[in-house]
Amino acid sequence: MTYLETYFDEIYTRYAALILHYVALRVADRDIAEDIVATTFLRFWKKLQQDIIIEHEKTYLFLIAKGLIVDYYRSKKTNQWSLDSVHELLEDPHINIEKQVVQKIAYEEILSHLQQLPAQYQDIIVFYYVQSLSIEEIAIILEKKQGAVRVLIHRALAALKKTYERT
Amino acid sequence: MKERNLISQLASLRTLQPRADSLARIKSRLDTEHESSFYRPPAKKWLIPASFTGLLAVFVLITSVYFATYRLPSRYLDAENSLSIAVSLPLAPTRDTSIQDLSQALNQANSAMVHLHLKGEMFLYSMSQCQNLYRDYVVYLRGLHGQLDEAIMSAPPERKQRLETLRNQVSDYEEAAEKRLQMYPKHK
């Protein structure tokens with residue numbers, strides 16, 4: 001195994017679950033989500049092969065995945081997704097079966113409100129509140145200034161709150 | 001709903017973890033790519049412009065050689081010119097100078113024809129061009145031979161010898177030219 005392959009394996013082990021978590025919350029289709037994650041890492045590998053130095057692997061992977069999600073929704077021409085598919089991709093391993101049903105309803109509620117938001121707001125809420133990325137990391141992924149990211153976080157949360165008020 | 005509650009609900013999504021089978025499928029797909037082309041060294045893209053440059057160089061070389069040799073003295077052109085000079089000269093059996101001129105022109109045409117390469121020469125003339133020229137030459141010599149036969153029959157004795165000499169010359173050339181023409185695969 002070459003140095004590049006070892007490095008790639010390390011990056012994959014460290015970030016694959018994180019990227020799949022993000023993609024699963026944004027694209028609730030198991031096959032598509034897996035395809036996007038695989039393509040993300042393939043593109044990352046191709047960059048490595050071109051001797052391109054990637055300083056922030058995590059943000060770079062998120063950047064690729066975000067672009068692929070945008071492409072997917074653009075080709076699909078709809079932003080709708082099903083909640084059932086989220087459960088095909090994600091699970092809570094620490095709760096028992098009885099609690100799972102209750103928890104599932106709670107997840108579904110928040111996800112159904114989240115999907116009513118524009119794509120950029122969904123991204124920023126998932127990045128900041130769910131995945132706990134820093135403002136600096138989000139700024140790199142969204143290619144915006146940190147001040148603009150703070151404003152977006154505030155607006156996105158307000159928009160999510162509004163969806164609750166409507167129901 | 002209060003903002004704090006909303007944030008804590010969002011944070012609860014952190015407990016959701018990707019399913020192991022999904023991660024396994026992705027890993028397996030990456031491994032498949034690894035076996036096929038995933039870990040293949042990057043394509044040597046410089047080979048594309050390099051091969052293009054090589055082809056361009058060959059093309060330029062061939063073109064320049066073609067144009068350079070196009071203007072070189074060609075055996076074919078010599079033969080063609082000599083033959084057309086000979087053909088243009090009329091046979092006037094009553095004039096000594098005419099017989100002498102024709103003999104010289106024939107001699108010149110024949111030596112030019114003899115020097116032709118039957119298979120042609122690269123960039124200069126093809127085999128079929130050479131064959132056609134030989135065919136014209138033989139046809140001309142046969143016609144001239146016939147004219148000389150007629151002229152000898154009606155010529156006065158003092159000119160007969162000159163005409164017979166010319167006829168012998170034509171006959172020799174004709175025989176040699178026919179032999180060379182027969183060397184071509186299809187002689188019609």
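The values are calculated or read from the model by the stated rules, or taken from the named source; none is laboratory data. Being a predicted model, the structure only gives us computed values, none of them experimental. Using ideal geometry, Cβ is built from the backbone for each residue, glycine included, and neighbour counts are taken over all protein chains shown.
Within region A:108-126, restricting attention to residues that are within 11 Å of chain B (Cβ to nearest Cβ) and hydrophobic (A, V, I, L, M, F, W, C), which residue is nearest to A:LEU90 (Cα to Cα)? Filtering first and then ranking leaves A:LEU111. You will find that of A:ILE124, A:ILE105, A:ILE97, A:ILE110, the residue that is more than 15 Å from the chain's Cα centre (by Cα), among the β-branched types (Val, Ile, Thr) and buried (at least 17 other Cβ atoms within 10 Å of the Cβ) is A:ILE110 and no other. The helices (runs of 4 or more DSSP H) found wholly in region B:63-179 and carrying at least 2 residues that are under 17 Å from the mean Cα position of the chain (by Cα) occupy B:75-88, B:127-154. Counting only residues that are facing another protein chain (nearest Cβ under 7 Å), exposed (fewer than 11 other Cβ atoms within 10 Å of the Cβ) and at pLDDT 75 or above, region B:6-56 holds 0 of them. Contact map, region A:108-121: first residue at negative phi and of a type in the set (D, E, K, R), second residue in a helix (DSSP H, G or I) and exposed (fewer than 15 other Cβ atoms within 10 Å of the Cβ), Cβ cut-off under 8 Å, separation 6 or more or different chains; pairs are A:GLU108/A:LEU83.
Would you check if A:VAL37 is at pLDDT 80 or above and under 28 Å from B:ALA24 (Cβ atoms)? Answer is yes for this residue. Screening A:GLU143, A:GLU137, A:GLU98 for residues that are more than 9 Å from every other protein chain (Cβ to nearest Cβ), on the phi > 0 side of the Ramachandran plot and charged (D, E, K, R) leaves exactly one candidate, A:GLU143.
Against the condition within 24 Å of B:LEU181 (Cα to Cα) and either at pLDDT below 85 or polar (S, T, N, Q) (or both), how does B:GLN104 come out, does it pass?
yes
Among residues that are under 12 Å from the mean Cα position of the chain (by Cα), part of a helix (DSSP H, G or I) and more than 16 Å from A:LEU18 (Cα to Cα), A:VAL70 is included. Taken as a whole, the structure leaves A:LEU4 outside the set of residues that are within 14 Å of another protein chain (Cβ to nearest Cβ), of a type outside the set (Phe, Trp, Tyr) and in contact with a Ser or Thr (Cβ under 8 Å, 6 or more places away or on another chain).
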